[in-house]
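The block underneath contains the structure these notes are about, expressed in structure tokens.
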Amino acid sequence: MQPDAYIASGPFNIDYKTLNNTQLTLVKNAKGYAADRVKFDKIVIYNGETPAVTPLMLSKTIDYATNGFPVASAKQFEAIGYEILKPPTYSGPALFMNYGAQPEFNDARVRQALNYVIDHDRNGDAALGSSGKATKYYTGFSDFLVDGWVDPAGKSKLNGYGHDPDKAAALLESAGWKRSGKKWRLPNGKPATYELLFPSDYADWSGAAKDLGEQFGGFGIPITLRGVVSTQQPTSIYKGQFQLAIQSWGNSAQPYPYFSFVAAFLNYNYTMAQSNGGKGMNYALKRTVSGFGTVDIQKLINATGSGIDQKVLIANTTKLAQIFNADLPIIPLFERLGNSPALNGVRVKNFPTNDDPLIQDSLYADNVVILSMLSGQLEPVAK
């Protein structure tokens with residue numbers, strides 16, 4: 001029999017009288033885990049992406065939010081008294097290519113060239129200001145994890161790419177592309193022009209998409225932007241209904257590299273997309289990679305998550321990190337740090353600060369505010 005209400009084991013339960021499409025209220029569950037330490041009797045949670053939440057922040061209705069606010073909004077929040085917390089997310093947006101529909105992307109030199117075209121510092125700044133951190137190592141997982149999971153010899157061989165239009169042009173020419181005036185043509189003579197699909201309700205990724213279009217256009221590869229709401233955009237990618245797209249790389253809930261490799265190589269590939277009626281980006285998992293010969297990516301992913309011998313796991317992770325770096329199945333645009341506004345002194349006495357050791361926990365997994373609440377460190381303003 002279906003229970004009448006959710007059976008909560010934690011310090012809060014749902015107040016069903018308040019539940020609607022825009023918000024819900026959590027009330028103290030006196031017998032739940034950590035209820036004796038948690039110092040709040042009620043929490044109001046608002047539902048909505050960045051455009052819906054922003055007015056509530058400006059009116060100081062909300063004390064804390066984890067949305068991807070654009071630079072201008074974050075500055076407004078700071079001006080009215082919010083502190084901006086910047087925990088890592090161990091992820092960010094990446095450029096995905098449709099290998100089936102656009103065969104020119106199957107040449108690794110083209111993918112490397114596109115990465116050299118991008119000024120990643122500029123793209124991160126356009127999306128999130130200082131919270132958009134340019135990727136340094138291009139391993140397929142967070143730069144914060146590289147020293148722990150890539151051996152020093154392997155790390156020294158990673159290509160940092162960087163913004164280098166001349167190197168990009170040389171790679172494209174070696175792949176058979178040609179300049180025609182200020183624009184590029186493919187080896188078959190067709191103009192190199194693409195549509196970029198992005199989630200229109202993600203303010204930060206929308207900013208990244210606009211800037212990416214401008215950068216590619218300035219290099220001679222015109223881009224048409226097509227925004228689709230985030231609930232529909234993944235379906236279009238699964239079905240292969242895109243040329244270029246922005247979706248996520250890394251893994252915020254599980255920062256262990258195995259899960260990031262799954263996100264990079266599998267999540268939007270034919271492995272997962274076939275159940276959604278398509279082939280996704282259609283990147284072949286059995287392939288030849290320069291410097292590594294013929295590889296089976298699926299087996300290599302499995303090897304990064306199998307067993308308990310840390311030396312073996314590091315060796316396996318190092319190899320696949322180098323393969324990702326050389327082959328670039330997707331191109332990470334930047335690593336997202338949180339730009340989470342926190343309002344002190346209104347309803348919450350003091351939120352954690354950016355020098356709190358817990359701030360290094362993932363924003364969307366072991367959230368520093370949730371942990372601080374469960375420990376009793378987070379306190380309400382005295383009435």
**Asked** Only one residue in Val53, Val27 is surrounded by 19 or more Cβ atoms within 10 Å (Cβ to Cβ) and free of Cβ contacts under 8 Å to residues at least 24 places away in the same chain. Which one?
**Response** Val53
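Restricting attention to helices (runs of 4 or more DSSP H) lying wholly within segment 41-141, give those where 2 or more residues are of a type in the set (Val, Ile, Thr). Even if it seems obvious, please write down each step before you answer.
Numbers: elements: 50-58, 71-79, 108-117, 120-128.
Once the helices (runs of 4 or more DSSP H) in segment 41-141 are filtered for at least 2 residues that are of a type in the set (Val, Ile, Thr), what remains is 50-58, 108-117.
Just checking: which of the helices (runs of 4 or more DSSP H) contained wholly in segment 198-315 hold 1 or more residues that are of a type outside the set (Ser, Thr, Tyr), within 23 Å of Phe144 (Cα to Cα) and under 14 Å from the mean Cα position of the chain (by Cα)?
On the way: elements: 203-219, 233-238, 257-265, 270-273, 297-304.
It comes to 203-219, 257-265.
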**Item:** Extreme residue, nearest to Gly92 (Cα to Cα), among residues of segment 142-167 that are hydroxyl-bearing (Ser, Thr, Tyr) and open to solvent by less than 40 Å² (accessible area, probe 1.4 Å)
**Value:** Ser142
**Among residues of segment 201-240, those that are small (Gly, Ala, Ser), surrounded by 16 or more Cβ atoms within 10 Å (Cβ to Cβ) and over 16 Å from Gly280 (Cα atoms), counted** = 8
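Say we look at segment 326-365 and pick out the residues that are in contact (Cβ under 8 Å) with a residue 12 or more places away in the chain and among the acidic types (Asp, Glu); which of these is nearest to Val295 (Cα to Cα)?
The first filter runs over segment 326-365 and keeps only residues in contact (Cβ under 8 Å) with a residue 12 or more places away in the chain, leaving 326-354, 356, 358-365.
Imposing the further condition that a residue be among the acidic types (Asp, Glu) reduces the set to 327, 335, 356, 361.
Working: Asp327: 11, Glu335: 27, Asp356: 42, Asp361: 34 Å.
Per the criteria, the residue is Asp327.
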**Item:** Where Phe77 falls short, out of the listed (1) farther than 30 Å from Val289 by Cβ; (2) open to solvent by 30 Å² or more (accessible area, probe 1.4 Å); (3) among the hydrophobic types (A, V, I, L, M, F, W, C); (4) modelled with pLDDT of 95 or more
**Value:** (2)
**Item:** The lone exception for Asp355 - which of (1) under 30 Å from Val53 (Cα atoms); (2) modelled with pLDDT of 95 or more it fails
**Value:** (2)
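So, of the residues in segment 280-328 that are more than 23 Å from Ala153 (Cα to Cα) and not aromatic (Phe, Trp, Tyr), which turns out to be most open to solvent (accessible area, probe 1.4 Å)? Before you say what the answer is, go through the steps one by one.
Narrowing segment 280-328 to residues more than 23 Å from Ala153 (Cα to Cα): 280-287, 298.
From what is left, the residues that are not aromatic (Phe, Trp, Tyr) are 280-282, 284-287, 298.
On the way: Gly280: 3, Met281: 1, Asn282: 52, Ala284: 44, Leu285: 11, Lys286: 153, Arg287: 30, Gln298: 60 Å².
So the residue we want is Lys286.
The values are calculated or read from the model by the stated rules, or taken from the named source; none is laboratory data. Everything numeric in this text was worked out from a predicted model, so none of it was measured. Note that each Cβ is placed from the backbone with ideal geometry, even for glycine, and that neighbours are counted across all protein chains shown. Remember, those area values only see protein heavy atoms, side chains included, never the ligands or the DNA or RNA. Shrake-Rupley method; radii C 1.70, N 1.55, O 1.52, S 1.80 Å.
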